[in-house]
Amino acid sequence: MATKVSLGVIGLGTIAQTQHLPNISELDDRYRITAVADISARLGAAIAADLPWDVATSQDWRDICTNADVDAVLLLTPGGHEVMTEAALVAGKHVFAEKPLCLTVAAATRLNALARDRGLVLQVGYMKPYESVLDGLGRRLGAIGDLRLVRHTVYHPERGPQLAHTTVLSFDDIDAGALGGATQHAEARTIEAIGEPPRQWGRLYRSVLQGSLIHTVSLIRLVFGDLPVISGSRLWPAAQFGPDVGFGPDDTDPPSLQVTGMLGARTRVEMNWLWLPNYPAYREVLEIVGTGGSMDLDLPPPYVRDRAAELTVRAGEGVDRRGGGTDSAFVHELVAFHAAIAGGRILDDALGAAADTAWLQQALQTLAAADGVILGGEVEERLRPG
């Protein structure tokens, strides 16, 4: 029987309630939750009361890091996790951090070194590479010939359609000062990453690129072993790109965007992120086209449990469909985290997150340059001669 790992969970919002908490409860041969923290005391109490263990609660995430009954910390708060990750690692805890790990390449690289030096697991919450149909995909790519096109498209509706099937608890007891402090920290890290361009560029970087497109980037990196060399990018409609762009209730709609590039000399890559507020449901498709066939990977919505990706392969005269069903990648990534704590291997570490962040910064730079905007921070340093 596997050794149970005692978990402390920081952040009890949408992704915690729709995926991680129910999945951990089903993995009770591997995990138990001993403590939770959320800035809403009422939410923490409600969640703890519904869990099948005796769970300590706190409004201060630091209490999780210092709790002697916690072996590993799950960071499920929105935004970057640099400070929390460092505190947990310094306290000797293994860490599973939802994306994005950090907003800067330097921070992700530093955290990777800290985890390595302390012999701790630091796993980033990229669930898509854990889809069962991706096992052995590299070997099957040969069936469709030389690759010519890789196209990934996200059809992204507003929050309502994504959560129509479930109920997410929330309460109005959140301290405005705590939220303001988190926003100030995110803005400071954004300045380190991209300097101080007009406000909308920082918000686009945090909400769309690091908040959503990063999943596309990590999936392509892990499936194909590399990221494309960027050749172009664009966003539209331009009139929709205002200073308050984002996903929050008081934000304005983000624009759609596309980033294109090449994997090697013969494979074009297109990443399309489409903001479609009234689209009936979240949809995500990876198309791989070769000289002798094609593959279509239909990925499940992020807030729907017990649903797996489906892969359709068209080659020769046949069509092969596999996957689907209830084999969730969210469960597989938690199984992998447990195995890594016991000495196993993870797919998605902090160095991968650093590579993804560097690529996203470059994508933002090409978008900004087309609008005559010059970025600073790490982007400027990377472009500086020598």
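Computed from the Kirkwood radius of its Cα pairs, the Stokes-Einstein diffusion coefficient for the chain at 10 °C and 1.306 mPa s stands at 73 µm²/s. Across segment 5-127, the relative contact order, built from alpha-carbon pairs under 8 Å that are at least six residues apart, equals 23 percent.
Each 5 Å bin from 0 upward holds the following percent of the Cα-Cα pairs of segment 159-284: 2, 8, 15, 19, 19, 17, 12, 5, 2, 1, 0, 0.
Considering only alpha-carbon pairs that sit under 8 angstrom and 6 or more positions apart, the relative contact order computed for the chain is 21 percent. Spin-label model, residue 262/residue 250: points 7 Å from Cα along the beta carbon direction are separated by 4.7 nm. In this label model, residue 320 and residue 26 are separated by 2.7 nm, measuring between points 7 Å along each Cα→Cβ vector. Using the Cβ of residue 110 as centre and a radius below 15 Å, the other residues enclosed give a net charge of -3, where K and R count +1 and D and E count -1.
Taking Lys and Arg as +1 and Asp and Glu as -1, the other residues whose beta-carbon sits under 13 Å from that of residue 18 total +1. Separation of segment 82-101 from segment 209-286 is 27 Å, based on Cα centroids. Counting only DSSP beta bridges whose two residues both lie in the chain, roughly 60 percent are antiparallel. By the helix-only formula, in which each DSSP H run with n ≥ 4 contributes -39500 (n - 2.57) and the sum is divided by residues, the chain has a 222 nm mean residue ellipticity of -9500 deg cm²/dmol.
Here, each number is a calculation from the coordinates, and none is a lab measurement. Everything numeric in this text was worked out from a predicted model, so none of it was measured. When we count neighbours, we look across all protein chains shown, and the Cβ atoms used for this are built from the backbone with ideal geometry, even at glycine.
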